[in-house]
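Working notes, structure below.
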Amino acid sequence: QVQLVESGGGLVQAGGSLRLSCAASGSVFRINTMGWYRQAPGKQRELVAAITSGGSTDYADSVKGRFTISRDNAKNTIYLQMNSLKPEDTAVYYCHANINRSWYGNEHGYWGQGTQVTVSS
């Protein structure tokens with residue numbers, strides 16, 4: 001079993017900051033790319049930011065310069081520092097990880113349960 005547990009969501013005023021965390025646990029041999037996605041009501045889930053095991057990052061244009069993704073490989077944890085938050089950032093944020101559960105197994109994608117981020121105007 002693999003679990004991704006997110007924390008750090010909440011309610012914040014526009015212009016404020018939040019920091020999300022996502023920790024992977026369970027039967028994990030190697031964690032490859034990890035990322036944050038979000039889904040607002042009535043909209044499709046979209047990629048917010050991703051980070052490889054080597055630390056390369058990618059961001060959605062809408063969050064560049066405001067959000068920073070980071071990773072602690074020793075703790076199997078990623079973080080999303082969100083600054084200058086806007087009402088349009090309101091969504092459920094999901095953690096995703098591509099994981100090998102053994103040296104001989106294939107990579108599979110796993111999702112966290114999601115954490116609500118609400119930005120008031």
Report summary line: The percentage of the accessible area of the stretch 1-63 (probe 1.4 Å, all protein chains present) made up of carbon and sulfur atoms, to the nearest whole number, is 46 percent
**Report entry** Within-11-Å neighbourhood charge of Phe29 [Cβ basis; K, R +1; D, E -1]
**Finding:** +1
Requested in this report: Could you compute the FRET efficiency for Ser27 and Gln81, with r as their C-beta to C-beta distance and R0 at 35 Å, rounded to 0.05?
Outcome: 0.75
Requested in this report: Using a 10 Å cut-off on Cβ atoms, rank the peptides 84-96, 2-14 from the highest mean neighbour count down.
Outcome: 84-96, 2-14
Query raised in the report: For a paramagnetic label modelled at 7 Å from the Cα of Asn106 toward its Cβ, which residues of the stretch 21-56 fall within the zone defined by backbone nitrogen distances under 18 Å?
Result: 29-33
Query raised in the report: Counting other Cβ atoms within 10 Å of each Cβ, which chymotrypsin sites (Phe, Trp or Tyr not before Pro) in the stretch 1-81 have at most 13 and sit in a DSSP loop?
Result: Phe29
Query raised in the report: Considering only Gln116, Ala23, Ile99, whose Cα is most displaced toward the positive end of the charge dipole of the chain, charges sitting on Cβ of Lys, Arg (+1) and Asp, Glu (-1)?
Result: Ala23
**Report entry** Loop trypsin sites (Lys or Arg not before Pro), the stretch 56-115 (other Cβ atoms within 10 Å of the site Cβ: 11 or fewer; DSSP)
**Finding:** Lys64
Query raised in the report: Expressed as a whole number of Å, what is the distance separating the alpha-carbon centroids of the stretch 4-52 and the stretch 63-97?
Result: 5 Å
**Report entry** Pairwise Cα inverse-distance average, inverted: Kirkwood Rh of the stretch 1-94 (Å)
**Finding:** 13.8 Å
Report summary line: Given a Förster distance of 30 Å, the FRET efficiency implied by the Cβ-Cβ spacing of Gln116 and Asp72, rounded to the nearest 0.05, works out to 0.80
Query raised in the report: Averaged per residue, what accessible area in Å² does the chain show with a 1.4 Å probe, protein chains only?
Result: 53 Å²
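The values are calculated or read from the model by the stated rules, or taken from the named source; none is laboratory data. Everything quoted here is computed from the prediction, not taken from an experiment. Here Cβ is always computed from backbone atoms with ideal geometry, including for glycine, and neighbour counts include all displayed protein chains. Note: areas computed on protein heavy atoms with side chains; ligands, DNA, RNA excluded. Shrake-Rupley method; radii C 1.70, N 1.55, O 1.52, S 1.80 Å.
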